[in-house]
Every structure is written in C-alpha cells, then in structure tokens.
Amino acid sequence: MPHIPRQLAPTTGVPPEFTAAPRQAPSERSEEVAYRPPPATLSTRRFVPTLSLKRHEVPPEKIFQALYGNELVIDEHTGLVQPTSRPV
Amino acid sequence: MSIPDWCNPQAVPSKETCQQVRVSSLCERGWQPLLILGYLRDHLARHFHDASQVEADDLRQHLWRDHERTGILIESVYKWVDGLTERRPALLIAQNAHRSIRLVLGDLAGRTGNGDEEYTELWVGSHTVFCLHEKGAAASMLANEVRQELGQFAPKIRRYLGLHRFAVTEVGAVSEVEEAKHHFAVPITIGWAFQQNWVIRCEALPMRRFSVEFILD
C-alpha cells in the first residue's frame, strides 16, 4: 500500500472574526461630497405641471362640443344624435 | 421635374409647383386622420421654412430645413425618440381618438337616380401639436405662433380641404415633459370633422324569396 501524505485541516480552529485585522478608526476629516438629489427629482419644477406625451388624451366628445357648440343630445328612444336648432 | 406631393412630408415644393398637386393613393380614398396629420406637418414645415412668415422675432433663428440639422424639428410623435430634439425646439404632432357621429337613421342619406342607396357619416376627432422647447417662455411663444398660424388660416383650410370643421380648440398650459425632463411643452389641440359619403351599388335586383317547404311538399 503506497504512502499517502496527510493533508492539512481545512480550518485552523480559530474563528475568522478573531483572525481579521482590527477595524480602522474613522479619520477626523472625511472627504466632502456634494449633495446630489435623486435623478427623479433632478429637474422637476415644483410649481410647473407635468405632461406626458404618451398618456395625453383628448376625448372626441370634448372636440364635438367645442366645434359644434353644444353637447351630444341623444334621443332616448332611437339612440340617435338629435339635431339642434342652435346655429353653429 | 417631378411634381412633389403635399402628402409627402419630405418635400417642400417651390412656388411654381404649389398649384399643381398630385393626389396620392391615400388621398383618393377620402379623408382619414393620417392625412390630416400629414397636412398639419406639411403646413407647419412650410410656415417655419421661410423667416418672413414667422411673426415672432425670437423664433426666426429656428427655421425648418429638410435635413437633420434643421433649426426646428417638425415630426409626428411616432418618430420621436429620446435625444432626437437635442437642444432644438420641436413640434410633435400626435393623433387623438376620433368618433363617428350618426347623422341620420341607419346612416342612410337617400337614394341616387339609379336607385342605389347613399350613406353618410360624420367623423369628429383631433390632433395635438406639442410645442417643445428648453425654456418655458420660449415654448409658450412657439405655441402662440402655431396657434395663430393654424387658427387664423382655419377658415381657408376648412374650405380648401373640404372638411366639415377645422379649428384650434384648446391651448394647454406650459408643462414639463415627463419623458424629457429638460423640455417644456404646450399642447395645442386642433379639432376637425369630416363627412364621409358612400354609395352601395347593387349589381342586380334582389332575388324573390320562395318557400322551400312548398317545394318539398
């Protein structure tokens, strides 16, 4: 039977927190870093409303009212749009 | 010399050829929102193409040119991507929803001399022109220029294009664009309405009905 040398043990038996170097004490004067607000509020004006090109919607009923001067008048029996006597 | 088409957003015809307009296949099918979007883009590009037509002095340095280094970007909102406008002002045109308005019962307007049924329908919708600029005041000035141009020529536009209605219905507040925080925008809503008529031609008289049960019996 050939000779097999014995390997070292995986641990030395000492806990790792005892083998770590002692923590350095913080220096008196740390490097100053300018404050930067998060990107979401970087350019947002507080008193200016926001507008989304993606969510901007204009309902056709609003356009009809603006173009023809009145709201849609739907007949309850026929369900058709009623003509108005008001000049447009 | 080729005659440019006003439906083509890339071409700005010269004054000699403005009177000769070749109607494309899209225009042959009657009005649709895409054509009105193309017209608005074409109209605004012509307006900002010549400095003498721009009323605001501060905007005359931003002239539209048919290349990438144009002074003002005038495009549909579909072509806009982040960084496209850079530091330039821009006019982005978006198409809103449109709705059918029923004018008569069953859309049946009447019958032609041949006895064919004629139908009619009214479509109401709008487009929004977003006036973008880095400065809020400049965005407001740009919006005022667009509002005056389209609003004052609205009666002529409606007449020559054959639209039922065409008007600037609303100008929104100066707002910050959520998609581009360094730009301000003013939305201008342009409402329109066009009537669509069509005729259903019957190739033959309707067949007379007969009872199948009578034959089987």
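The values are calculated or read from the model by the stated rules, or taken from the named source; none is laboratory data. Just so you know, these numbers come straight off a predicted model, no measurement behind them. No Cβ is skipped: glycine too gets one built from the backbone with ideal geometry, and neighbour counts run over all protein chains shown.
Quick rundown of the values:
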quantity	calculated
Residues satisfying the stated conditions in region B:26-51, i.e. surrounded by fewer than 20 Cβ atoms within 10 Å (Cβ to Cβ), farther than 18 Å from B:ARG158 by Cα and hydrophobic (A, V, I, L, M, F, W, C)	B:LEU26, B:ALA51
Selection count where residues are polar (S, T, N, Q) and surrounded by 14 or more Cβ atoms within 10 Å (Cβ to Cβ), scope region B:103-126	2
B:LEU122 vs. criteria under 30 Å from A:GLY69 (Cα atoms) and at pLDDT 90 or above	yes
Filter pass, B:THR128 being assigned to a strand (DSSP E or B), within 14 Å of another protein chain (Cβ to nearest Cβ) and under 14 Å from B:ALA193 (Cα atoms)	no
Residue count, region B:154-175 (criterion: at the interface with chain A (Cβ under 10 Å from one of its Cβ atoms) and either within 20 Å of B:HIS98 (Cα to Cα) or touching a residue at least 24 places away in the same chain (Cβ under 8 Å) (or both))	9
Enumerated strands (runs of 3 or more DSSP E) restricted to region B:45-125, each holding at least 1 residues that are within 21 Å of the chain's Cα centre (by Cα) and under 20 Å from B:LEU142 (Cβ atoms)	B:73-76, B:90-95
Residue ID - nearest to the other protein chains (Cβ to nearest Cβ), chosen from residues in region B:142-153 that are surrounded by fewer than 19 Cβ atoms within 10 Å (Cβ to Cβ) and assigned to a helix (DSSP H, G or I)	B:GLY151
Count - residues of region B:42-52 that are without any contact (Cβ under 8 Å) to a residue 24 or more places away in the chain and not hydrophobic (A, V, I, L, M, F, W, C)	2
Index of the failed condition, B:ALA137 passing every other in (1) more than 13 Å from chain A (Cβ to nearest Cβ); (2) exposed (fewer than 15 other Cβ atoms within 10 Å of the Cβ); (3) in contact with a strand residue (DSSP E or B) (Cβ under 9 Å, 6 or more places away or on another chain)	(1)
Residues (buried (at least 19 other Cβ atoms within 10 Å of the Cβ) and of a type in the set (A, V, I, L, M)) located in region B:158-176	B:ALA167, B:VAL168, B:VAL174
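Here is a yes/no grid of residues against (1) closer than 30 Å to B:HIS164 by Cβ; (2) modelled with pLDDT of 75 or more; (3) of a type in the set (Asp, Glu); (4) assigned to a helix (DSSP H, G or I):
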| residue | (1), (2), (3), (4) |
| --- | --- |
| A:ARG6 | no, no, no, no |
| A:PRO26 | no, no, no, no |
| A:ARG29 | no, no, no, no |
| A:TYR35 | no, no, no, no |
| A:THR44 | no, no, no, no |
| A:ARG55 | yes, yes, no, no |
| A:LEU72 | yes, no, no, no |
